[in-house]
Amino acid sequence: MVDLNKKRALVTGGASGLGKAMSEAFAAAGAHVIVADVNAESAEAVASDIGGEAWTVNLADTSALDGVDLDVDILVNNAGIQRIHPITEFPLEEWRLINTLMLEAPFVLTKAALPAMYAKGWGRVINLSSIHGLRASANKSAYVAAKHGLMGLTKTTALEAGPHGVTCNAINPGYVMTPMVKGQIADQAKTNGITEDEVLEQVFLGHSAVPKLAEPGDIAALALFLASDAAAVINGSAHSVDGGWSAA
């Protein structure tokens, strides 16, 4: 059993999907969880259910966050979106949105959280990257670039923070059955010229040696372990949960 009693955890994108599962797992382990999400109603609902608090925040507005001080023990950078276009058709504003939300915001929040972690001599930064932080896929240039950048931020944070008792690691899921993945089905079918029923087998499971998608609880369990004292010397690492996709 992981004991996070008296720890404060901030989970971005904490009101749905992987973020909700991790918020629930941290709270069940005793942590006080701050559910950060752009959706105020959903954040309040999840926070109420787990006895935490909600922080309604637009992480795409990083200028409003710069200079903020975060007194948390665990920071989970999870918030993300997806847009699918060929490079030649990728709207610049969508490219900027993805990279701001999924790379710049984790940098700003990590910068804000590290001083308090350093002062305590203990901290955990967990970045939700993706198989696309290790591999590329066509039509996802912004997402792939952001996740590759997040892997670089993870490693640099690990080197700087490790001597202060703070670790930083990444979780790299393949497709997980979340609302964001479900929302890609129509786009994937259109882009690949297949039916929506064929998307699961050919796209979501096409690279996996295991014929099933991970569930949000699988990712939450790994995040909980990385936040535990048992993971004190795991630092700067990438933990793939992809059915074998990255083994190829």
Per the filter on segment 204-221, residues modelled with pLDDT of 95 or more and buried (at least 20 other Cβ atoms within 10 Å of the Cβ) are 216, 219, 220
From the option list 111, 182, 155, single residue qualifying as in contact (Cβ under 8 Å) with a residue 60 or more places away in the chain and either of a type in the set (A, V, I, L, M, F, W, C) or out of contact with any helix residue (DSSP H, G or I) (no Cβ under 9 Å at 6 or more places or on another chain) (or both) is 155
Criterion first (loosely packed, with under 15 Cβ neighbours inside 10 Å, among the aliphatic types (A, V, I, L, M) and farther than 19 Å from residue 139 by Cβ) does residue 186 satisfy it? no
Filter segment 211-241 for residues that are of a type outside the set (Gly, Ala, Ser) and part of a strand (DSSP E or B); the one that is farthest from residue 73 (Cα to Cα) is 241
Exercise for the section: Within segment 71-82, identify whether any single residue is surrounded by fewer than 16 Cβ atoms within 10 Å (Cβ to Cβ) and farther than 22 Å from residue 23 by Cβ, and answer yes or no. Expected result: no
Only one of 149, 174 is in contact with a Phe, Trp or Tyr (Cβ under 6 Å, 6 or more places away or on another chain) and either in contact (Cβ under 8 Å) with a residue 40 or more places away in the chain or farther than 29 Å from residue 224 by Cβ (or both), namely 174
Those helices (runs of 4 or more DSSP H) completely within segment 14-114 that have 1 or more residues that are over 15 Å from residue 146 (Cβ atoms), of a type in the set (S, T, N, Q) and modelled with pLDDT of 95 or more are 17-28, 40-50
All-but-one check, residue 165 against (1) in contact with a strand residue (DSSP E or B) (Cβ under 9 Å, 6 or more places away or on another chain); (2) farther than 24 Å from residue 99 by Cβ; (3) buried (at least 16 other Cβ atoms within 10 Å of the Cβ); (4) of a type in the set (Gly, Ala, Ser), failing number (3)
All-but-one check, residue 208 against (1) assigned to a helix (DSSP H, G or I); (2) among the hydroxyl-bearing types (Ser, Thr, Tyr); (3) farther than 15 Å from residue 82 by Cβ, failing number (1)
Counting only residues in segment 120-137 that are over 16 Å from residue 98 (Cα atoms) and either free of Cβ contacts under 8 Å to residues at least 40 places away in the same chain or among the aliphatic types (A, V, I, L, M) (or both), the one surrounded by the fewest Cβ atoms within 10 Å (Cβ to Cβ) is identified as 134
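The values are calculated or read from the model by the stated rules, or taken from the named source; none is laboratory data. Worth saying up front: this structure is predicted, and the values here are computed from it rather than measured. No Cβ is skipped: glycine too gets one built from the backbone with ideal geometry, and neighbour counts run over all protein chains shown.
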